[in-house]
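Report on the following structure.
Every number here is computed from the coordinates shown, using simple stated rules; none is lab data. Because the structure is predicted, anything quoted here is derived from the model rather than measured. Ideal geometry is used to build each Cβ from the backbone, glycine not excepted, and the neighbour counts take in all protein chains shown.
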Amino acid sequence: MSSPESAPGRQTAVVDADGDQPVELSFARGLPLTRAAIAFARSHHAGQRRAADGASFLVHPLEVASLLDRSNYPDHVVAAAILHDTLEDTDVERSELEARFGSAVAELVALVSDDPAIADEEQRKDRVRERVRRAGGYAPVVYAADKVSKVRELRTLIARGLPEQEASIRRRRYQKSLAMLERAIPGSRVVELLRFELEALDRLPPQPTEA
């Protein structure tokens, strides 16, 4: 499958990220499925906050989706990025995603979601990574964009005092993800960005701020 990585810019779209003032976005206009996914995700992630900075949780899936849109992935892939945490972090069921957004979107979201039946966290992460590798198609790039956003969040968490042991565990997981992705989708711009974020984190690490 080819990787669409250059497209003309789109005009601004508007979304109310957390029930307050509208936020200007620059990627969702002209993507009807993505716009519907934003409204759906906003409703189901309402009240959730990111641990890294206290921002609306919706910032994370919006960032993931924007990364894919900027590389010219199609509407249903960008929509899946918006929805990628709904199965893990809300009460949404796969059947509802399929009914509202179609089987392709629901399948992508399911492929990148942790299996709650696996109790051990490391095993859950390993299982998702292997599932994505086996699935191929668009699943690896959605997974990669999620990891780019997560490494950026990790930098903020470290600056805010995340214990070194926990930071090291997360870095090792992201390095394993990078190794898989470089084999699965070599040359991907999103994977190259993930490599940069990890290299920058290791070689130019943040310093924890004073309490």
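Would you please list the contacts, defined by Cβ atoms under 7 Å and residues six or more apart or on different chains, that run from a residue in the stretch 43-61 that is surrounded by 13 or more Cβ atoms within 10 Å (Cβ to Cβ) to a residue that is polar (S, T, N, Q) and assigned to a loop (DSSP other than H, G, I, E, B)?
So the pair list comes out as 44/90; 45/90; 57/48.
So, in the stretch 97-109, how many residues would count as being surrounded by 16 or more Cβ atoms within 10 Å (Cβ to Cβ) and either free of Cβ contacts under 8 Å to residues at least 24 places away in the same chain or among the aliphatic types (A, V, I, L, M) (or both)?
8
Looking only at residues that are crowded, with 16+ Cβ neighbours inside 10 Å and in a helix (DSSP H, G or I) in the stretch 160-174, which one is farthest from the chain's Cα centre (by Cα)?
Top of the filtered list is 167.
Among the residues of the stretch 137-149, count how many are without any contact (Cβ under 8 Å) to a residue 40 or more places away in the chain and out of contact with any Leu (no Cβ under 6 Å at 6 or more places or on another chain). Please lay out each step first, then the result.
Step one: filter the stretch 137-149 for residues without any contact (Cβ under 8 Å) to a residue 40 or more places away in the chain, giving 139, 143.
So of that shortlist, the ones also out of contact with any Leu (no Cβ under 6 Å at 6 or more places or on another chain) come out as 143.
So the answer is 1.
Let me spell it out: the conditions are (1) assigned to a helix (DSSP H, G or I); (2) in contact with a helix residue (DSSP H, G or I) (Cβ under 9 Å, 6 or more places away or on another chain), and residue 209 meets all of them except one. Which number is the exception?
With respect to (1) assigned to a helix (DSSP H, G or I); (2) in contact with a helix residue (DSSP H, G or I) (Cβ under 9 Å, 6 or more places away or on another chain), residue 209 is out only on (1).
Taking the stretch 65-96 as the search range and keeping residues that are part of a loop (DSSP other than H, G, I, E, B) and hydrophobic (A, V, I, L, M, F, W, C), which one is surrounded by the fewest Cβ atoms within 10 Å (Cβ to Cβ)?
92
With respect to residue 154, is the statement that it is in contact (Cβ under 8 Å) with a residue 40 or more places away in the chain, hydrophobic (A, V, I, L, M, F, W, C) and surrounded by fewer than 20 Cβ atoms within 10 Å (Cβ to Cβ) true?
For residue 154, the condition - in contact (Cβ under 8 Å) with a residue 40 or more places away in the chain, hydrophobic (A, V, I, L, M, F, W, C) and surrounded by fewer than 20 Cβ atoms within 10 Å (Cβ to Cβ) - is not met.
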